[in-house]
1. Taking R0 as 25 Å, what FRET efficiency do you get between Asp15 and Asp190 from their Cβ-Cβ distance, rounded to the nearest 0.05?
2. Might you report the magnitude of the Cβ-based charge dipole of the chain about its Cα centre, with Lys and Arg at +1 and Asp and Glu at -1, to the nearest 20 debye?
3. What is the distance, in nm, between label points placed 7 Å from the Cα along the Cα-to-Cβ direction at Ala166 and at Glu214?
4. Which of the peptides 220-227, 101-108 is most tightly packed, and how do the rest follow, judged by the mean count of other Cβ atoms within 10 Å per residue?
5. When the accessible area of the stretch 180-274 is split by element with a 1.4 Å probe, what percent falls to carbon and sulfur?
6. Measuring with a 1.4 Å probe in the full set of protein chains, what accessible area per residue, in whole Å², belongs to the chain?
7. When the Kirkwood hydrodynamic radius is evaluated over all pairs of different C-alpha atoms of the chain, what value in angstrom, to one decimal, is obtained?
8. Based on DSSP H runs of at least 4 residues, each adding -39500 (n - 2.57), what is the mean residue ellipticity at 222 nm of the chain after dividing by all its residues, to the nearest 500 deg cm²/dmol?
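The values are calculated or read from the model by the stated rules, or taken from the named source; none is laboratory data. Quick caveat: nothing in here was measured; it's all calculated off a predicted structure. Heads up, the Cβs are rebuilt from the backbone with ideal geometry, glycines too, and the neighbour counts pull from every protein chain shown. These accessible areas exclude ligands, DNA and RNA; they are computed on the full protein's heavy atoms, side chains included. Shrake-Rupley method; radii C 1.70, N 1.55, O 1.52, S 1.80 Å.
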Amino acid sequence: MKSTWSWQRHIAPADADAWIARLSAAGCATWTLTERPNRARVLLAVYDATREPILALHGLFGGKVVSIAQSAWLSTKPTPPTRINAKLEILHDQPRKKAAAHQLVIPHGLAFGSGDHGTTFMLLRALAKESMPARVLDLGTGSGVLAIAARRFGAKHIVGTDFDPAAVRTSRQNEALNFPTPQIRWRRADVKRLAEKPRHDLVLGNLFSGILVEAARQITSAIAPGGQLWVSGILREQKEEVIAAYRAQGLQLTRATTRGKWVMLQFGSRRTPCDGDKRKASG
């Protein structure tokens, strides 16, 4: 019987950026991070259909090698839905009948973002509570759940980007599970090299704090005047560093939300006098 091979290592959440950089340098384009209930460390894993690349990672970084029988993937038990609030519920298994208007189908998979992790949950709840602008950009889209939720709540022009091509494919597939026709523009992109035109009314970033800080200028440049930035993936002890990085770019912190050890930050950008003049002239 065929197996999938996996390299696994438990790491501290604060070390995730460094580990991902090591894996990228070793040629790994796809990886997963799994938070475990009541555990301080997260599970970093890489999967491959062949054994050799996994053994190579073991030789470089230690950890352990696991063989997963194909039957183990196929015999998983149904996963309970994740209820965000009364307006949104995430189903992780394909329903037998059409999903209700308040439900999205996002299967658990290799792309991050099924809705049950605290970082994704906070962003989804904010999307479900606040009015939806026209243009939305989802950075590090993973499973595409945030962009898909933005579409469900009425955004008309949505872009979802991820550095991992497997995540882009998964996002496109997940949109097709929830809507009969495609609308979201999915593309592979490096957040550190953003050059978005036109700019967006709302930018979402469920990213590690190190990336958020390093790419603060590029991310800010994607926000339209008067637009908003919502970021998550930030540990409590990293909060002030991220706030400082975006205040340095001229953004104003409007709200900080905490769920467990994770923080979501919401920023607003100022309108320039020219923007006000344009609105007055057009009115």
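1. Details: r = 21 Å, r/R0 = 0.86.
FRET efficiency, Asp15 to Asp190: 0.70.
2. Numbers: 41 positive and 22 negative charges, 147 e Å.
Using only the charged Cβ atoms, the result is roughly 700 debye.
3. Between Ala166 and Glu214, the label points sit 2.1 nm apart.
4. Numbers: 220-227: 19.1, 101-108: 17.1.
With the highest mean Cβ count within 10 Å placed first, the list reads 220-227, 101-108.
5. Values: 2300 of 4850 Å².
Ligands and nucleic acids excluded, carbon and sulfur reach 47 percent.
6. Result: 52 Å² per residue.
7. Details: mean 1/r = 0.0503 Å⁻¹.
So the Kirkwood estimate lands at 19.9 Å.
8. Details: 10 runs with 90 residues, N = 283.
Helix contribution divided over all residues of the chain: -9000 deg cm²/dmol.
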